[in-house]
Every structure is written in C-alpha cells, then in structure tokens.
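Nothing in this text is a laboratory measurement; each read-out follows from the coordinates by a stated rule. None of these values were measured; they are calculated from a predicted model. Don't worry about glycine lacking a Cβ; one is built from the backbone with ideal geometry, like all the others, and counts go over all protein chains shown.
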Amino acid sequence: MGVAKTVILHLSGEDPVLAEIDQEPQPSDQFLKVTNMRKRDGKPVSYLAAGVQSVLYPWHRITFLEIMPSEEERSQVVDFFRS
C-alpha cells in the first residue's frame, strides 16, 4: 500500500467532495473506498455520521473521479501558463 491520494469525488446529484483513496481503482472493482471525506472548503459532509472513517460507494453512484497529483508528482510536472 502506497501513500493515500487526494481525489475529488463527483457523485450523482451531489456537490463534489474531497477524499483520499489508498490505491487507484481497478477495472474489476465493484465499489470505491474513500476516507477523510470533506467538502471542498474543508467542512464536514453533512450526510455522514460523526466519526465515520471510510465510505464505500458503488460505481453507479459516481459520475467521475479526479485524482489529484501528490506533492512529489506535482514537482515533476511542468505547468504551462499565459502571461
């Protein structure tokens, strides 16, 4: 198991939320396990009970998933910008 990756989870009918995954999903996975769910502004997600550590979402609930680069990966990427 590697370092947890931060993701932006887009659920059907919900606002996007931030979470962590332990490993990238595989095509054979039936669900996605996420930990440390929070709103994009860092506030708790209102529909989760206090103290929830992880949530399993079936793929039919997920519209798409953005996997954010780690600090190490970010330092290796050359960003393009306009002046």
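If you wrap segment 5-70 in the convex hull of its Cα atoms and look at it from every side, the mean projected area works out to 4.5 nm². For V45, nonlocal amide neighbours, meaning residues 5 or more places apart or on other chains whose placed amide H falls under 5 Å from its own, are K39.
Listed by Cβ neighbour count within 10 Å, with the fewest neighbours leading, L9, L56 appear as L56, L9.
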